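Okay, so here's the structure we're looking at.
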Amino acid sequence: MILNVFYHLYFYYMQENVTCTKLLIMPNQLYHHIVKLVPAFEKEVEKVLPYFEKRSFPKDYILIKEGNMVDEFYFVLNGCLQIYFTDHSGSKNTIHFAIENWWVTEYNAFLGAPAAHFSIAALEETEVLFIKKEKFNEMLLDFPFMAIYFNKIHMRAYGAALQKQKTYAVTSKKDFHYYFCTHYPDLVKRFPDDVFASYIGISTEELAILNKNFRS
């Protein structure tokens, strides 16, 4: 009973710390991101602004929860999001992150699956642009160049996911840790140890040893 009350108080506290605003101008980050991938449609980009809203989340806020329906697609302006699933023991297993200028949602559920298989939570105070599923579909019909834009994003993401899978399959945990720390040092600094450890697939104790060896 006490835990249930605590959960509801925590939920309402988190909800009260989420702010949502309408957009008056296209944020430069999204504008330049779209123009970079579909430069021929630069003059049309501003017209998609009404489909988006901006929202801010406090640290630890869960944007998408496993088992729930999904109706939103996010573009990260500031902050860092963790994509994870919870195993039978209750442990969180991190499979991906989303930082500035990345798009993220639980794709299967957003595209029509009845429930999310993954959760998405804020590792930091995070600000996003978001678009609702209905608005997203309307936008693609009204502005077909946005379908080209998202197709390029998803092709790149799929290619990167395959490369990560290959690297993970043929590389030791030690070498994977070394690769990540040398290629993304600023990003690693933003991860709590337990989150980074779960991403690599090791314990926090093993991570501490790898970190010590890496710095020496």
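Where a number appears in this text, it was derived from the coordinates with a stated rule and is not lab data. All figures in this text were calculated on a predicted structure; none of them were measured in a lab. Note that we place each Cβ from the backbone using ideal geometry, even for glycine, and neighbour counts take in every protein chain shown.
A few notes on this one:
- LYS54 versus VAL35: modelled label distance in nm, points set 7 Å from Cα along the beta carbon direction: 1.8
- The alpha carbons of region 12-140 occupy a box of 52, 29, 24 Å along the principal axes, longest dimension given first.
- The count of lysine pairs in region 85-216 that are at least 8 places apart or cross chains, and whose C-alpha atoms lie under 22 Å apart, stands at 18.
- Seen from GLY112, the other residues with C-beta closer than 12 Å to its C-beta sum to a net charge of -1, counting Lys and Arg as +1 and Asp and Glu as -1.
- Note on GLU46 and ALA115: their simple-model spin labels are 4.6 nm apart, each label 7 Å out from Cα toward Cβ.
- Candidates VAL104, VAL128, VAL188, ranked by Gaussian network fluctuation over the chain, Cα under 10 Å, top entry: VAL188
- Dipole of the chain computed with +1 at Lys/Arg Cβ and -1 at Asp/Glu Cβ about the Cα centre; of ALA122, THR94, LEU187, farthest Cα towards the positive end is LEU187.
- Magnitude of the charge dipole for the chain, about its Cα centre and with charges confined to Cβ atoms of Lys, Arg (+1) and Asp, Glu (-1), is about 520 debye.
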